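Here's the structure we're looking at; comments come further down.
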Amino acid sequence: MSRRTFVKAVGGVGIGFALYAYLPGGERVAVAQVPGGTLDPATIPKFVTPLVIPPVMARAGTIKQAGGPPVDYYEISQRQFRQQILPPGLPATEVWGYGALRSDSGRDVLLHHAPCPTIEAEHGRPVRVKWVNELVDGRGRYLPHLFTVDPTLHWANPSGGTTGRDSRPVFKKTPGPYTGPVPMVVHLHGAVGVGDESDGYPEAWFLPAATNLPSGYAARGTWYDFFAGKAKAGYGATWGPGFAVFQYPNPDRASTKWFHDHSLGMTRVNVYAGGAGFYNIRGGPDGDAAVRDRRTGAAAVLPGPAPKRGDGFPTTKAYYEIPVVIQDRAFNADGSLFYPDSREFFDGVVRQYIPRGTFSPFWNPEFFGNALMVNGRTWPYLDVEKRRYRFRFLNGCQSRFLMLDFQKIPGVKVTMIGNEGGLLALPVDLTANHSNRLLMALAERADVIVDFTAVPAGRYVLRNVGPDEPFGGGEPNLPDEPGDFDVADLQTTGQVMEFRVGPARSVDRSTPGEFLQLPTVAALPAERRARKVALVELADVGSDAAGAQVEGPIEGALGVVHDGMAMEQEWMHPVTENPGVGDTEVWEIHNTTADAHPIHLHQVAFEVVERQPLLLAGGEVVQPMQVVGAATPPEAWESGVKDTVTAYPGQVTRLRAHFERPGQYVWHCHILEHEDNEMMRPFRIGPAQPGQPG
């Protein structure tokens with residue numbers, strides 16, 4: 001990969017670009033392995049605090065609908081608070097988190113936490129949430145961001161006022177970071193059939209109703225007022241200063257979803273601050289009750305119970321169905337979260353920054369925390385019995401692909417039964433057929449039965465053998481198992497959590513994973529067209545503090561394929577993906593980069609069809625692009641329907657999606673640093689709506 005390739009990439013396609021810096025003489029240096037803050041992760045005690053099991057979110061009430069099912073109503077805010085993420089004896093950490101503001105029952109827990117309590121929903125029964133931005137202090141004054149916000153991206157930009165909001169500002173000199181009030185808008189990741197007004201569109205953000213909002217600031221995003229009108233007309237909800245009211249119809253298959261912030265150009269720092277939570281849909285024709293025991297044909301029994309309303313927090317109840325979100329973080333010695341505050345931290349580039357050059361001064365192309373956090377605690381433990389458990393895993397990391405490894409747990413059996421879209425077509429025996437490992441891209445979920453019945457009593461570590469750098473596919477390189485990439489640090493990010501196995505306290509009546517017969521997954525309609533899109537990364541040459549040249553990425557991009565050429569598009573460009581209402585399309589995602597990208601489409605659940613190699617020369621994708629060789633089917637754990645798919649480098653990944661509800665949505669890479677800097681595009685189902693923003 002020559003220097004000329006990178007310089008050319010600024011005006012064209014960044015073909016085959018990996019996240020490395022190149023020093024004079026051609027020496028390649030990995031720059032995405034972030035060392036972190038002032039707290040050495042190796043000094044953090046491991047497996048000394050129990051896993052937090054999120055309780056169920058308190059419901060504010062129930063709304064009756066004429067001619068329709070009742071609506072479960074919630075009032076949920078995001079606040080800033082201190083949480084004991086590190087083990088006791090180390091300082092608490094300032095974070096953000098969601099939590100209920102009120103309850104219709106005295107049995108519920110009112111708790112703000114990161115991750116927050118879980119919303120439990122029923123198939124076909126709508127959920128309405130009043131989302132409130134409470135990022136204010138005790139006197140109602142706005143709180144600035146916990147981390148450095150880069151104002152040179154295409155971002156929410158409240159300080160630009162109503163004419164400059166949701167833009168990439170133009171500067172006469174390199175600006176400092178944004179320090180004003182924080183925008184918020186929540187996206188329910190994986191929601192199917194949701195109206196665009198409730199999808200968490202990146203330009204529908206809103207500031208807190210603070211007492212000291214600066215004069216001239218925009219208090220809400222470009223699309224907020226338009227969507228407020230749709231909410232009023234559609235389900236009678238009124239929006240106002242510091243809040244919005246979203247409604248989720250929940251026609252989806254029973255599945256594991258999650259919610260997080262989606263403000264334009266700020267998702268990486270807003271999510272890193274802590275705001276996230278699970279949202280489970282239960283019941284319906286594809287729910288747990290539809291699972292059979294193939295030995296008898298009778299109803300199968302899945303491990304349970306899960307937390308339910310009124311359980312209290314903390315509780316001594318035993319749970320056998322547990323949500324588990326894994327996130328990477330870094331810390332300072334005072335307990336605060338560390339996130340880079342300069343581009344120099346990533347690859348040493350100190351010039352030329354915008355406007356004299358093309359490098360944003362604070363944005364980092366990727367971030368890999370050097371500590372793993374599970375359900376809001378670093379390296380926790382979980383006491384388990386010698387029986388079966390159901391874990392709903394979520395990869396909530398910033399840029400890190402996970403490869404969960406159960407190999408060091410003797411006698412364990414691991415069966416995957418579901419992904420983002422619900423139950424799979426068939427159970428996947430990870431122990432027998434996949435080396436007891438589970439690959440998880442960013443934002444992917446995995447519904448997994450882990451059977452500890454034959455595991456000897458003792459303590460065992462769930463490992464991560466994914467890389468501490470960008471993932472490009474392949475197998476881990478281990479001492480007894482040569483592979484394609486170096487695994488995560490065995491002392492820190494190579495460890496996830498500890499299972500402490502003890503005797504069963506009661507009879508396990510759940511059905512073994514190998515005997516589960518999962519409900520048939522209905523196929524999507526045949527496609528009407530194939531749509532060719534592209535993944536692109538752009539780069540340039542900057543200088544370090546000593547004046548040496550350093551080549552590095554300046555942004556990612558999505559684009560279209562025209563005459564075999566990948567043509568990048570930015571957020572500001574007109575919509576290019578515009579399926580009709582009721583259309584089914586196959587999207588052919590051409591990855592011209594050297595990284596794997598987790599691609600997420602809002603509003604739909606799709607089928608993974610196949611993958612096919614692109615013609616390469618010298619390790620780069622040849623343009624015009626050509627497919628070569630045979631297509632390969634999706635992995636066993638990609639059966640059924642999904643909302644996020646891994647697009648591997650140098651390949652075309654094909655997915656089939658059915659577009660039913662009209663409106664304005666987005667698709668993007670779920671590496672958060674990528675989506676915040678142009679690797680996100682709007683798409684529209686059906687025609688433009690009367691009165692919508694331009």
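Data overview
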| read-out | value |
| --- | --- |
| Checklist (1) over 20 Å from residue 394 (Cβ atoms); (2) assigned to a loop (DSSP other than H, G, I, E, B) applied to residue 640, failing item | (1) |
| Condition met for residue 132 (modelled with pLDDT of 95 or more and buried (at least 20 other Cβ atoms within 10 Å of the Cβ)) | yes |
| Count of residues meeting criterion [of a type in the set (Gly, Ala, Ser) and either open to solvent by 80 Å² or more (accessible area, probe 1.4 Å) or touching a Ser or Thr at 6+ places or on another chain (Cβ under 7 Å) (or both)] in segment 289-305 | 2 |
| Candidate set: segment 518-564, residues that are of a type in the set (S, T, N, Q) and over 26 Å from residue 192 (Cα atoms); chosen: the one surrounded by the most Cβ atoms within 10 Å (Cβ to Cβ) | 543 |
| Residue, most open to solvent (accessible area, probe 1.4 Å), within segment 461-495, restricted to residues that are of a type in the set (A, V, I, L, M) and more than 26 Å from residue 669 (Cα to Cα) | 490 |
| The lone exception for residue 143 - which of (1) open to solvent by less than 40 Å² (accessible area, probe 1.4 Å); (2) aliphatic (A, V, I, L, M); (3) closer than 25 Å to residue 256 by Cα it fails | (3) |
| Number of positions in segment 48-82 that are under 22 Å from the mean Cα position of the chain (by Cα) and either over 23 Å from residue 206 (Cβ atoms) or open to solvent by less than 10 Å² (accessible area, probe 1.4 Å) (or both) | 10 |
| Residue in segment 311-322 that is in contact with a helix residue (DSSP H, G or I) (Cβ under 7 Å, 6 or more places away or on another chain), more than 29 Å from residue 69 (Cα to Cα) and open to solvent by less than 40 Å² (accessible area, probe 1.4 Å) present | no |
| Only one of 690, 624 that is open to solvent by 50 Å² or more (accessible area, probe 1.4 Å), touching a Gly at 6+ places or on another chain (Cβ under 8 Å) and assigned to a loop (DSSP other than H, G, I, E, B) | 624 |
| Residue 21 being in contact with a helix residue (DSSP H, G or I) (Cβ under 7 Å, 6 or more places away or on another chain), crowded, with 18+ Cβ neighbours inside 10 Å and at pLDDT below 70 | yes |
| Complete set of residues in segment 232-250 that are touching a strand residue (DSSP E or B) at 6+ places or on another chain (Cβ under 6 Å), farther than 23 Å from residue 140 by Cβ and either open to solvent by 10 Å² or more (accessible area, probe 1.4 Å) or not hydroxyl-bearing (Ser, Thr, Tyr) (or both) | 235, 237, 246, 247, 250 |
| Residue identified as in contact (Cβ under 8 Å) with a residue 40 or more places away in the chain, under 27 Å from the mean Cα position of the chain (by Cα) and surrounded by fewer than 18 Cβ atoms within 10 Å (Cβ to Cβ) among 42, 100 | 42 |
| Segment 466-480 residues that are free of Cβ contacts under 8 Å to residues at least 40 places away in the same chain, paired with ones that are exposed (fewer than 15 other Cβ atoms within 10 Å of the Cβ) and part of a loop (DSSP other than H, G, I, E, B) (beta carbon under 6 Å, 6 or more apart) | 474/484; 475/483; 475/484; 477/483 |
| Filtered residues of segment 443-460 (kept if more than 21 Å from the chain's Cα centre (by Cα), open to solvent by 10 Å² or more (accessible area, probe 1.4 Å) and closer than 22 Å to residue 306 by Cβ) | 451, 453 |
| Residue match in segment 572-586 (condition: closer than 30 Å to residue 475 by Cβ, crowded, with 16+ Cβ neighbours inside 10 Å and within 25 Å of the chain's Cα centre (by Cα)) | yes |
| Answer from 286, 328 - the residue that is among the charged types (D, E, K, R), over 20 Å from residue 56 (Cα atoms), in a strand (DSSP E or B) and under 25 Å from the mean Cα position of the chain (by Cα) | 328 |
| Filter pass, residue 163 being more than 30 Å from residue 351 (Cβ to Cβ) and outside any loop (DSSP other than H, G, I, E, B) | yes |
| Count of segment 418-442 residues which are within 23 Å of residue 382 (Cα to Cα), surrounded by fewer than 24 Cβ atoms within 10 Å (Cβ to Cβ) and among the aliphatic types (A, V, I, L, M) | 2 |
| Filter result for residue 392 (basic (Lys, Arg) and not in a loop (DSSP other than H, G, I, E, B)) | yes |
| Residue 567 vs. criteria open to solvent by 70 Å² or more (accessible area, probe 1.4 Å) and assigned to a strand (DSSP E or B) | yes |
| Any hit, segment 107-123, residues being among the basic types (Lys, Arg) and either within 30 Å of residue 67 (Cβ to Cβ) or crowded, with 19+ Cβ neighbours inside 10 Å (or both) | no |
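Residue by residue, here is whether (1) at pLDDT 95 or above; (2) open to solvent by 10 Å² or more (accessible area, probe 1.4 Å); (3) touching a Phe, Trp or Tyr at 6+ places or on another chain (Cβ under 6 Å) holds:
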residue	(1), (2), (3)
154	yes, yes, yes
158	yes, no, yes
161	yes, no, no
172	yes, yes, no
198	yes, no, yes
207	yes, no, no
212	yes, yes, no
215	yes, yes, no
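The values are calculated or read from the model by the stated rules, or taken from the named source; none is laboratory data. These figures come from a predicted structure and were not determined experimentally. Using ideal geometry, Cβ is built from the backbone for each residue, glycine included, and neighbour counts are taken over all protein chains shown. When the accessible area is computed, the model is the full protein with side chains, heavy atoms only, and any ligands, DNA or RNA have been set aside. Shrake-Rupley method; radii C 1.70, N 1.55, O 1.52, S 1.80 Å.
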